[in-house]
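Right, one structure below, let's go through it.
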Amino acid sequence: METVHRASRTLALAGGALAWMLAWAVPALALDPSKAITQYTRDAWTSETDLPQTSVQAMAQTRDGYLWLGTQEGLVRFDGVRFTQMSSEDITALCEACDGTLWVGTYNGLMGLKEGTRPVSRRGRAFPTTA
C-alpha cells in the first residue's frame with residue numbers, strides 16, 4: 001500500500017513540475033514577427049549548383065558546423081556556401097557520435113570519418129573518401 005501511495009505522490013509531483021514548466025515556457029517563433037515576409041530570402045540548391053543529386057536520403061550536422069547530405073550519388077559536405085562531394089557511394093544513413101566521428105552507412109558497409117575526411121573505421125565495403 002505504501003508503494004502505491006509513494007508512486008502516486010511521485011506522479012503528482014512530476015505532473016505539477018511539468019505544469020509549472022509549461023506555464024513559464026516562452027513560445028519559440030520560427031520567424032521574427034516584426035519582419036515582413038518580403039524581408040526574407042530563400043535559396044534553392046539543385047544538381048546545377050553542385051549538389052550531385054536532389055534526392056537526399058540522410059542528413060546530419062556535425063559540431064564543426066558542416067551539413068552532411070547522403071544521396072544516391074554520394075556523400076556531400078555543405079559549408080553554407082558550396083557543396084563538396086566526398087564519395088560516389090549510395091549513402092543510406094548519417095550520424096555523428098559523441099567523439100565527433102561521423103558514421104556513414106551505405107548498402108555495402110559502414111565508414112567512420114574523423115575531422116571530416118580522415119577514415120577511422122570501416123566495416124564491409126564502404127567507400128574510400130575522395131577528398
- Ranking Trp45, Trp103, Trp68 by Cβ neighbours within 10 Å, fewest first, what do you get? Trp45, Trp103, Trp68
- Long-range amide H partners of Met86, meaning residues 5 or more apart or on another chain whose placed amide H is closer than 5 Å, are Leu75, Val76, Arg77
- Working out 0.36 nm times the residue gap between Met59 and Trp45, then minus their Cα-Cα distance, what length gain in nm do you get to one decimal? 3.6 nm
- Query: Tell me, in nm to one decimal, what length is gained between Ile37 and Asp99 on full extension, where the rule is 0.36 nm per residue of separation less the Cα-Cα distance?
  - Reply: 18.3 nm
- Arrange Ile91, Ile37 by Cβ neighbour counts within 10 Å, fewest through most, would you? Ile37, Ile91
- Which trypsin sites (Lys or Arg not before Pro) in the stretch 54-84 pass both tests, a DSSP loop state and at most 12 other beta-carbon atoms within 10 Å? Arg63, Arg82
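No lab work stands behind these numbers, since they all come straight from the coordinates. Since this is a predicted model, take the numbers as computed values, not measurements. In this analysis, Cβ positions are derived from the backbone assuming ideal geometry, glycine residues included, and neighbour counts consider all displayed protein chains.
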